[in-house]
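This report concerns only the one structure given below.
Readers should treat all values here as calculations from the given coordinates under stated rules, not as data from a laboratory. Everything quoted here is computed from the prediction, not taken from an experiment. Note that each Cβ is placed from the backbone with ideal geometry, even for glycine, and that neighbours are counted across all protein chains shown.
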Amino acid sequence: MNKVTSFLNDLIFKGKISGLKYIKLILSLVPLIALFGILFDHQLEKDFAKYGWHILIATLLIRPISTILPKLVILCRFMLIRKQLGIIAGTFILAHGLGVFLKNQMGIDVLFSAPLWDLKTFMGWGLIGALMILPPLLTSNDFLQRKLGKLWKSIQQISYLFFIFGGVHIYMYKNDPVILAELITWAILWILAWRKIILWAPAKNEKTPTSCS
Ligand code: HEM
């Protein structure tokens, strides 16, 4: 086995990643980019929407894929940075929402107009979706995680509603079947993981972690 193959083998199937502590630290700083970026240039809101959406999908797929494909031990390592990725996705998408308001010079009073919240429009789904990410984001810090105990996990699960509302919002705006395919793929993978259907496991004699937390 040459060096590259052995490196990839260790990375993907043994989850050997060095400097995870530093990767976490760097990822914790990324949400600041969203805040400063959107205040500096409101036109960036579309980019934040696109990147935020894809980071959100990736974050929500780590757990089901690692259950279905335990052979990919690297996913157990990604589980350790899921919180940071979720915070990045949430802040990018909030920056997108804020950017839309700043770009169109809409005041806070617009939020009190009922038609804006109408679920017959893509804006209604986006706005309600954005509200849903607030509790998981505001409680995502270590202090509240310790204080809230079991309740913390339930609050974090609101992110799934955020994902669904966001998905419908984008689908209604773009009318793009890819978004629908993304939502359906995610639902199928979740059902497979929930039913504990394992498609690719390590061989019995392979030494790998028994579970990812
Ligand atoms: C405060 C809440 C929100 C507002 C006001 C809002 C507004 C908008 C508007 C006006 C557009 C049309 C194009 C543009 O100007 O960007 C749009 C597109 C989009 N939104 Fe939202 N949105 C909100 C929440 C969300 C959420 C919760 C998500 C995802 C979870 C999301 C993801 C997207 C994406 C990916 C696009 C398509 C961007 C593109 O490719 O052109 N938005 N949104």
Give me the angle, in degrees from 0 to 90, between the Cα long axis of helix 82-103 and the longest principal axis of the Cα atoms of the chain, rounded to the nearest 10.
-> 20
Unit charges at the beta carbon, dipole of the chain: most positive-side option, Ile88, Ile108, Leu180 | Ile88
Working out 0.36 nm times the residue gap between Ala181 and Gln43, then minus their Cα-Cα distance, what length gain in nm do you get to one decimal?
-> 46.9 nm
Would you compute, from DSSP H runs of 4+ residues alone, the mean residue ellipticity of the chain at 222 nm, taking -39500 (n - 2.57) per run and dividing by the full residue count, rounded to the nearest 500?
-> -23000 deg cm²/dmol
Under a point-charge model restricted to the Cβ atoms of Lys and Arg (+1) and Asp and Glu (-1), what is the dipole moment magnitude of the chain relative to its Cα centre, in debye to the nearest 20?
-> 1160
Computed over the chain: longest principal axis from alpha-carbon atoms vs helix 45-68 long axis, angle to nearest 10 degrees, is 30
